[in-house]
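Peer 1: Take this structure first; my questions come after.
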Amino acid sequence: MNSNSTKLPYIGVDIGGSHITAAHVDANTFKVIENTLKRERVASRDSAEVILQSWLNVLSSLILRENSENTKIGIAMPGPFDYEKGISMMQNQEKYDALYGLNVKEILAKRLEIAEEDIVFINDAEAFLRGELAAGAAADMERAIGITLGTGLGSTSNGSGVTVDMNWAFHPFKDSIAEEYISTRWFLRKYKEITGEEVKNVEVLLEVADIAVKNEIFEEFSDNLSIFLNDFIAQEKPQVVVIGGNIAKTWDHFIESLKVKITDKTVLIRQSKMWEDAALVGAANALV
């Protein structure tokens, strides 16, 4: 911690497509403080005021004021977003369109009655890896890659010495981009291709698919993920790859096959230890 760090706990925030989660994070240990976690659903397709009020409901309940000092707020946010200025650039993504072009940092600071410099925005994939490096599955390593598998594909690395969003979701892959083959929608598309049936998510797929279908789908998924990771590992040269997101919770269905297909056997492949806490801690870590 540096000498300018707050004596109060930080507020770590994770904003997703349909929710806001926030909690106090200990400014010294980078652990989420138990019993402070707040979560609220957000109508991300509604008006700017409805969206911002949901965020404010959560944030205002966590603000601490002591000795003329405010708790500092680190916010993990999906892109596109001007993280330095705090301006939303999301448009035509079926979420947060109403915030397009708004200086969210300025609005939140004014409504929460805190200084703008007490609010920091960070990319959500970057926050995930920062959290795992600070207190999770990569805490014992210096160089790491973070991958989040879910509705989208998050990819971040600290191979350059600084943790940055690599945005490999849009990396050319087969006949499209990586995210089309390594995400929830690929699983749903593949299941329909094999069975002719539709399922709403991977969790349901696991419940209804027979063993042969599950094995076929996860074997192909491990192929896709290994191709992606082998290229990413070759470029970034990490000691460990940390995998999080909802699809990582199906770990036992793909990890052994994936490890066999990873070319560099010196690289460890680890499941997230922190899950949702990773983004909260990583966002708080950006305040240091």
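Peer 1: For segment 133-165, which positions are surrounded by 20 or more Cβ atoms within 10 Å (Cβ to Cβ) and within 17 Å of Pro78 (Cβ to Cβ)?
Peer 2: Result: Gly146, Ile147, Thr148, Leu149, Leu153, Gly154, Ser155, Thr156, Thr163, Asp165.
Peer 1: Take segment 97-128 and flag every residue that is closer than 24 Å to Asp277 by Cβ and over 17 Å from the mean Cα position of the chain (by Cα).
Peer 2: Val104, Lys105, Leu108, Leu112, Ile114, Asp118, Ile119
Peer 1: Next question. Given the condition under 30 Å from Ile233 (Cβ atoms) and either in the same structural domain as Thr266 (by TED's automatic domain parsing) or part of a loop (DSSP other than H, G, I, E, B) (or both), answer yes or no: does some residue in segment 94-115 qualify? I'd like the intermediate steps shown before the answer.
Peer 2: Of segment 94-115, the ones under 30 Å from Ile233 (Cβ atoms) are none.
Checked segment 94-115: no residue is under 30 Å from Ile233 (Cβ atoms) and either in the same structural domain as Thr266 (by TED's automatic domain parsing) or part of a loop (DSSP other than H, G, I, E, B) (or both).
Peer 1: Same structure again: Applying the selection to segment 119-151, what residues are farther than 18 Å from Ile182 by Cβ, of a type in the set (A, V, I, L, M) and in a strand (DSSP E or B)?
Peer 2: Correct list: Ile119, Val120, Ile122, Ala144.
Peer 1: Sticking with this structure for a sec: When you scan segment 231-240, do you find a residue that is assigned by TED's automatic domain parsing to the domain that holds Leu258, crowded, with 16+ Cβ neighbours inside 10 Å and part of a strand (DSSP E or B), even just one?
Peer 2: Scanning segment 231-240, I find at least one residue that is assigned by TED's automatic domain parsing to the domain that holds Leu258, crowded, with 16+ Cβ neighbours inside 10 Å and part of a strand (DSSP E or B), so the answer is yes.
Peer 1: Now for a different question. Name every residue in segment 113-132 that is free of Cβ contacts under 8 Å to residues at least 60 places away in the same chain, buried (at least 19 other Cβ atoms within 10 Å of the Cβ) and not β-branched (Val, Ile, Thr), in order of residue number.
Peer 2: Asp118, Phe121, Asn123, Ala125
Peer 1: While we're looking at this one, here's another question. Given Gly159, Gly154, which one is in contact with a strand residue (DSSP E or B) (Cβ under 8 Å, 6 or more places away or on another chain), in a loop (DSSP other than H, G, I, E, B) and in contact (Cβ under 8 Å) with a residue 60 or more places away in the chain?
Peer 2: When all the criteria are applied, what remains is Gly159.
Peer 1: Does segment 68-82 contain at least one residue that is touching a helix residue (DSSP H, G or I) at 6+ places or on another chain (Cβ under 7 Å), exposed (fewer than 15 other Cβ atoms within 10 Å of the Cβ) and over 29 Å from Ser226 (Cβ atoms)?
Peer 2: There is no residue in segment 68-82 that is touching a helix residue (DSSP H, G or I) at 6+ places or on another chain (Cβ under 7 Å), exposed (fewer than 15 other Cβ atoms within 10 Å of the Cβ) and over 29 Å from Ser226 (Cβ atoms).
Peer 1: Something else about it: Exactly one condition in (1) within 19 Å of Val120 (Cβ to Cβ); (2) assigned to a strand (DSSP E or B) is not met by Ser60; state its number.
Peer 2: All conditions pass for Ser60, except number (2).
The values are calculated or read from the model by the stated rules, or taken from the named source; none is laboratory data. Quick caveat, the model's predicted, so the values are computed rather than measured. Backbone-built Cβ (ideal geometry, glycine too); neighbour counts: all protein chains shown.
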